[in-house]
Amino acid sequence: MRARTATNARTKKYRLPVRQAILERRTYEAPAEGRWGKVRLDFNENTSGCSPAVLRALRGLSGQELAMYPEYVQRTARIARRLGVLPAELLLANGGDDALRVFFDMFVEDGSSVLICEPTFPMYRYYAEIAGAKIATVRYDAEMRFPLPEVLAALKKRPRVLFIANPNNPTGTLIGRAAIRAILQAATHTAVVMDEAYAEFSGFTVLPWIHKYPNLFVVRTFSKAAGLAALRLGAVMARADSLQLLRRAMPPYPVNVMALVAAEAALADGATIAKHVRATVRRRKTFSAALTELGVRVYPSAGNFVLADFRAQGPAFFAQLGRAGILVRERSKEIAPGFVRISIGTPAEMDRVAKQARQFANRVGGGRFS
Ligand SMILES: Cc1ncc(COP(=O)(O)O)c(C=O)c1O
């Protein structure tokens, strides 16, 4: 007791000068741990794992190479070629998360506003809160349709950045060309970030439009279709002059060499990614049909996940899944009780979820969720 009092007295004169925005942060969630060995349908990972070509490439790295600060020019040029852009149009970052953070460093000052379409990927709000930004929000409607008129109206106030996940996580909504064109034309004083983390699964991208619109920034990740979530590699693609400004906000070594080597190997083995995408899209359809048959409302999705509404029985069912070691992402708080996002995993994983759903429905609802 005496010792503690003495320490307090000694440390009392120190006060860390923490920014107000950090003290006021509300949405911090510690990352999930202890997921190994469970059925991981909660983070939209590629649960089949990455291409064996990636593991071979990583084994080929030498101790000398790991001891050296990474060099980027040649590897970035090769990755750019695979993605279909020029090296000057590509910026690599430590995961899609970090790629998104750069927009705040570049565009957002204390009090400036950003526009977000919710429910969506929480990192946009997360960074906005850290930056002390004003957060303007519009919402997807009850059918999970994109609120285009509201976005166009909100752009009149000239937010610094507009974030759109396309397809959107967690709703699965995909916005088409006409809507995106209208947004890009209206956003004359706004950076438009099209977060295409799931583009491989939607088969849709506006990447070629970077040449036409200096306000367009396309974000991608290697965490989903390529199966490299542990290595943390994300990308921003934009017109060279726009990207040049973004580079000013980057540290000198944002990406580690293993991530680069892995990304190159993954892209070189495009057949493995394509096979995974085809199988996932097929399974998304069969899994959605299985749930629909049980009376669950499943929203159309263009990603490697589906948003489903299990209504009143949802929370009890999700608890049952948890007890069975099946992880899913409950969205009751963000949307409404009973909503959940379920990633599309392997056939065995999806069969386990469908079986649990059937058992639950038989036990509680006469074979159906209602
Ligand atoms: C829409 C969206 N953008 C970006 C990311 C970030 O992915 P990562 O940081 O793993 O590259 C995710 C991950 O879930 C996402 O859903």
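The values are calculated or read from the model by the stated rules, or taken from the named source; none is laboratory data. None of these values were measured; they are calculated from a predicted model. Backbone-built Cβ (ideal geometry, glycine too); neighbour counts: all protein chains shown.
In this structure, Val219 qualifies as farther than 27 Å from Ser62 by Cα, touching a Gly at 6+ places or on another chain (Cβ under 7 Å) and assigned by TED's automatic domain parsing to the domain that holds Glu71. For the range 108-123, a tally of residues being crowded, with 18+ Cβ neighbours inside 10 Å, touching a residue at least 60 places away in the same chain (Cβ under 8 Å) and touching a helix residue (DSSP H, G or I) at 6+ places or on another chain (Cβ under 9 Å) returns 3. What are the residues in the range 40-67 that are more than 16 Å from the ligand (Cβ to nearest atom), assigned to a loop (DSSP other than H, G, I, E, B) and in contact (Cβ under 8 Å) with a residue 24 or more places away in the chain, if any? If the condition is that a residue be more than 16 Å from the ligand (Cβ to nearest atom), assigned to a loop (DSSP other than H, G, I, E, B) and in contact (Cβ under 8 Å) with a residue 24 or more places away in the chain, then Ser48, Ser51, Gly60, Leu61 are the ones that fit. Out of Leu83, Leu100, Leu41, one residue alone is under 22 Å from Asn304 (Cα atoms), in the same structural domain as Gln356 (by TED's automatic domain parsing) and of a type in the set (A, V, I, L, M). It is Leu41.
Output the residue which, of all residues in the range 73-91 that are more than 14 Å from the ligand (Cβ to nearest atom) and outside any helix (DSSP H, G or I), is nearest to the chain's Cα centre (by Cα). Reasoning before the result, please.
The first filter runs over the range 73-91 and keeps only residues more than 14 Å from the ligand (Cβ to nearest atom), leaving 73-90.
Checking the rest, the ones that are also outside any helix (DSSP H, G or I) come to 84-86, 90.
On the way: Gly84: 21, Val85: 22, Leu86: 24, Leu90: 19 Å.
Selected residue: Leu90.
When Pro251 is evaluated against the numbered criteria (1) within 16 Å of the ligand (Cβ to nearest atom); (2) under 18 Å from Asp97 (Cβ atoms); (3) over 17 Å from the mean Cα position of the chain (by Cα), which criterion, by number, is the only one it fails? So the condition that Pro251 fails would be (1).
Find the residue count for the range 326-335, including only residues that are surrounded by 20 or more Cβ atoms within 10 Å (Cβ to Cβ) and assigned to a loop (DSSP other than H, G, I, E, B). So the count comes out to 3. The residues of the range 289-313 that are within 18 Å of Arg145 (Cβ to Cβ), touching a residue at least 12 places away in the same chain (Cβ under 8 Å) and in contact with an Asp or Glu (Cβ under 9 Å, 6 or more places away or on another chain), listed by number, are Arg297, Tyr299.
When the range 336-370 is filtered for residues that are assigned to a loop (DSSP other than H, G, I, E, B), crowded, with 21+ Cβ neighbours inside 10 Å and at pLDDT 95 or above, the ones remaining, listed by number, are Gly338, Ile344, Gly345. Scanning the range 92-102 for residues that are surrounded by 20 or more Cβ atoms within 10 Å (Cβ to Cβ) and either outside any helix (DSSP H, G or I) or more than 12 Å from the ligand (Cβ to nearest atom) (or both) yields a total of 3. Val114 meets the conditions (1) within 16 Å of the ligand (Cβ to nearest atom); (2) within 24 Å of Leu23 (Cβ to Cβ); (3) assigned to a helix (DSSP H, G or I) in every case but one. The failed one is (3). For Val218, the conditions (1) surrounded by 21 or more Cβ atoms within 10 Å (Cβ to Cβ); (2) more than 21 Å from Arg101 (Cβ to Cβ) all hold with the exception of (2).
Within the range 226-237, residues that are at positive phi reach partners that are within 7 Å of the ligand (Cβ to nearest atom) and not acidic (Asp, Glu) with beta carbons closer than 7 Å, at six or more positions or on different chains, in the pairs Arg232/Gly95.
Take the conditions on the phi < 0 side of the Ramachandran plot, out of contact with any Phe, Trp or Tyr (no Cβ under 6 Å at 6 or more places or on another chain) and aromatic (Phe, Trp, Tyr) and apply them to Phe121. Does it pass? Let's see the steps before the verdict.
Values: on the phi < 0 side of the Ramachandran plot: yes; out of contact with any Phe, Trp or Tyr (no Cβ under 6 Å at 6 or more places or on another chain): yes; aromatic (Phe, Trp, Tyr): yes.
So Phe121 passes the test.
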